[in-house]
Amino acid sequence: MKRVVVGLSGGVDSSVAAYLLQQQGYEVIGLFMKNWHDDSVTISNDCPWLEDSNDALLVAEKLGIPFQTVDLSEEYKEKIVDYMFNEYEKGRTPNPDVLCNREIKFDVFMKIALSLGADYVATGHYCKKSETEVNGETVYRLLAGTDTNKDQSYFLCQLSQEQLSKSLFPIGELTKPEVREIATQMELVTAEKKDSQGLCFIGKVRLPEFLQQKLQPKEGAIIQIDKDDAIYKVEKQEGLSPEEEFALASNKMQYTPEMGKVVGKHQGAHYFTIGQRKGLNVGGTKDPLFIIATNVETNTIYTGLSSQHPGLFRKGLFIEKSEVHWIRTDMTLAKGEQMDVMARIRYRQPLQAAILHQFENGMYVSFREPQSAITEGQFVAWYIEDELVGSGVIS
């Protein structure tokens, strides 16, 4: 019997994953990750870790599998929380869930599982894995989950071949209602449990308060830029190289306070992100205001009226060379090469037609249609049909 360690989170997905593996004849061990101690920043009655670990224990007892809790809060603080503070301070918006999978679940946690003699680690992600052969070598493929509404392949966009080789995703072929149905039939305590929201393993966090532990509030101006501002009337430049053209399409607009009018105040530009609508507390506008840019150096937020404001849209983005990641290393582009893909710049965004262009210093992703709220620090993931082949941090 092959041994599998399941990351039991106390939710319905990982509970059913454990049950299915048991049915498939694996020796299953349940492990709960405790990743957070500081209750002062969590909204404690929503998804507290104690309740989750208790539910995970009850599921393990019901299935008759060994269960233990591992405390990874030190590693979590160092690899996820400190990184988040660092990114927000630079005015970027990190994605802790993608990082948590790369750095914690499929790294620190996986090493613990393998030290327990496990052959595989399994999670309750809605995605699938398959194998193919390239030049006589086994290559692992990460595929979108069958339930298109719940597909979570995006969150695993930074995994490596090594990590995928040791991973199992037992519920990838199922839809959420089917998973709940199995849990109900098995009388698992998690059958009706709501999906946890918020930070991977921390639960719901009041993000501004969370960030205020390290990033001090600092009053600054909210400036509104008119949609007809001259900055949006860019003349097409002649004689540019392809790389220069992509750079032009990918560059952020450079706003200055003189371009617009002050419409309010905020408590720190680093608490806000591009495309954000809530939390500005500016009233009296005929359409909602959206954040089109932030500047942490000058502590300024730039906004535009309506979700169609030209300041929200760009046709391209850039990934620095060191941040380009291929799950399918056999598909890596060489300098000067390009590839047609479907890409997304955030979880649940419908896939968008795009072309990857690899240059010496990094990669440009150019989209067929302009994309709203391309955000530094977030991940862009690219697919060929239903396979996620690579990703990178938007720079």
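The values are calculated or read from the model by the stated rules, or taken from the named source; none is laboratory data. What you are looking at is a predicted structure, and each value in this text was computed from that prediction instead of being measured. Cβ placement follows ideal geometry from the backbone for every residue including glycine, while neighbour counts extend to all protein chains displayed. For accessibility, only protein heavy atoms count, side chains too; no ligands or nucleic acids. Shrake-Rupley method; radii C 1.70, N 1.55, O 1.52, S 1.80 Å.
For the chain, the residue among Ala381, Ser165, Gln68 whose Cα projects farthest onto the positive side of the dipole built from Cβ charges is Ala381. Calculated on the Cα set of the chain, radius of gyration then Dmax: 22.6, 70 Å.
Would you mind getting me the FRET efficiency between Glu238 and Lys194? Use the beta-carbon distance for r and R0 = 56 Å, nearest 0.05.
Efficiency computed from Cβ-Cβ geometry: 0.50.
Counting each DSSP H run of 4 or more residues in the chain as -39500 (n - 2.57), what helix-only mean residue ellipticity at 222 nm follows after dividing by all residues, to the nearest 500 deg cm²/dmol?
Counting only the DSSP helices, I get -5500 deg cm²/dmol.
Note on Val16: accessible area is roughly 0 Å² with a 1.4 Å probe, heavy atoms of protein only.
Given the pairs Lys79/Lys129; Lys252/Lys315; Lys286/Lys315, which are separated by over 18 angstrom at their Cα positions? As for pairs spanning more than 18 Å Cα to Cα, those are Lys79/Lys129; Lys286/Lys315.
Applying 1/(1 + (r/R0)^6) with r as the Cβ-Cβ distance of Ser165 and Gln216 and R0 = 41 angstrom yields a FRET efficiency of 0.40.
What number does the stretch 230-334 give for Rg over Rh if you use C-alpha atoms and the Kirkwood radius? Reported Rg/Rh, Kirkwood definition of Rh: 1.05. Add +1 for every Lys or Arg and -1 for every Asp or Glu among the other residues with Cβ under 14 Å from the Cβ of Thr300, and state the total. Computed value for this residue: +1. Given a Förster distance of 35 Å, report the FRET efficiency between Lys321 and Ser115 from their Cβ-Cβ distance, rounded to the nearest 0.05. Computed FRET efficiency for Lys321 and Ser115: 0.55.
The aspartates and glutamates within cross-link reach of Lys150, meaning a Cα-to-Cα straight distance under 13 Å and a gap of 8 or more places when in the same chain, are Asp13, Glu173, Glu178, Asp195. For the stretch 1-123, the Kirkwood hydrodynamic radius from C-alpha pairs, put into Stokes-Einstein at 37 °C and a viscosity of 0.692 mPa s, yields a diffusion coefficient of 215 µm² per second.
Considering every Cα-Cα pair within the stretch 305-395, what fraction, in whole percent, is farther apart than 23 Å?
Tail of the P(r) past 23 Å holds 17 percent of the pairs.
Model label points for Lys261 and Asn54, set 7 angstrom from Cα along the Cα-to-Cβ axis, are 5.5 nm apart. Over the stretch 221-265, the ratio between the Cα radius of gyration and 2.2 N^0.38 Å evaluates to 1.49.
Exactly which GluC sites (Glu not before Pro) in the stretch 273-326 are in a DSSP loop and have at most 16 other Cβ atoms within 10 Å?
Hits after loop and neighbour filter: Glu297.
Using a probe of 1.4 angstrom and keeping all protein chains present, the accessible surface of the stretch 112-156 works out to 43 square angstrom per residue. Stretched out straight at 0.36 nm per residue, the stretch from Lys176 to Asn361 would grow longer than its current Cα-Cα span by 62.4 nm. Placing +1 on each Lys and Arg Cβ and -1 on each Asp and Glu Cβ, with no other charges, gives the stretch 206-290 a dipole about its Cα centre of roughly 680 debye.
Take the Cα of Lys335, go 7 Å toward its beta carbon, and the backbone nitrogen atoms of the stretch 359-381 under 16 Å from that spot belong to 359-364.
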